[in-house]
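Here the structure is laid out as structure tokens; the discussion comes afterwards.
The values are calculated or read from the model by the stated rules, or taken from the named source; none is laboratory data. These numbers come from a predicted model, not from an experiment. Cβ: placed from backbone, ideal geometry, glycine included. Neighbour counts: every protein chain shown. For accessibility, only protein heavy atoms count, side chains too; no ligands or nucleic acids. Shrake-Rupley method; radii C 1.70, N 1.55, O 1.52, S 1.80 Å.
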Amino acid sequence: MLSQLRDAGPDEAAKIASQIKRSWTRSGSASADLLLKRGRDALRAKKPQTAIEHLTALTDHAPDFAEGWHMRASALYQEELYGPALEDLARVLALNPKHFEAIQGLGAIFEQLGDPTRAYEVYEQVLAIHPHHASVLEAMERLETTVKGPAL
């Protein structure tokens, strides 16, 4: 599906990306799926601390399930715990190097840490996998003048 995503037009890419993200949420374990659901529900309810608790239980229970680490990184990011979030994203990418949402998360953290050049470079890696990723395209447009200077 990743090669289809790279070659798809914008509308088709959105559908393929959704399918890929859905596939990432399948752990193969009912208990892991429940912990992931609880963590996601807590994130949606703006309760990142509760999400961290559920997702830590998930990563303890299923350390090879990349999406558990990704979701915990999201919760840590919401709590502005950027160092631990970076560690979790590194774990995601060790398990799934093409996890474009985790790569995007790295870029967002680099932006928050005031490193627009590094963020831009990371966002370019996302576009190599998912060329029509809307929020990454917006971020790159926002950072372009800072990173490349004004257009002549």
message = Go through the range 108-133 and report how many residues are without any contact (Cβ under 8 Å) to a residue 60 or more places away in the chain and either in contact with a Ser or Thr (Cβ under 6 Å, 6 or more places away or on another chain) or not aromatic (Phe, Trp, Tyr) (or both).
response = 17
inquiry  = Out of everything in the range 72-105 that is surrounded by 18 or more Cβ atoms within 10 Å (Cβ to Cβ) and aromatic (Phe, Trp, Tyr), what residue ends up being farthest from Gln49 (Cα to Cα)?
reply    = Phe100
query = Going by the structure shown, is Thr146 at pLDDT below 95, among the β-branched types (Val, Ile, Thr) and open to solvent by 20 Å² or more (accessible area, probe 1.4 Å)?
reply = yes
task = Output the number of the condition that Ala17 fails; it satisfies all remaining conditions of (1) crowded, with 21+ Cβ neighbours inside 10 Å; (2) small (Gly, Ala, Ser); (3) farther than 19 Å from Leu106 by Cβ.
result = (3)
request  = Six or more apart or on different chains, Cβ under 6 Å: which pairs go from a residue in the range 28-44 that's of a type in the set (D, E, K, R) to one that's buried (at least 20 other Cβ atoms within 10 Å of the Cβ) and assigned to a helix (DSSP H, G or I)? Could you list them?
outcome  = Arg38/His54
query = Among Thr59, Thr117, which is the only one that is farther than 21 Å from Ser18 by Cα, at pLDDT 95 or above and open to solvent by less than 40 Å² (accessible area, probe 1.4 Å)?
reply = Thr59
remark   = Given (1) modelled with pLDDT of 95 or more; (2) exposed (fewer than 13 other Cβ atoms within 10 Å of the Cβ), Leu152 misses just (1)
note = Picking from Glu12, Glu101, Glu87, the residue that is touching a residue at least 40 places away in the same chain (Cβ under 8 Å) and out of contact with any Asp or Glu (no Cβ under 7 Å at 6 or more places or on another chain) would be Glu101
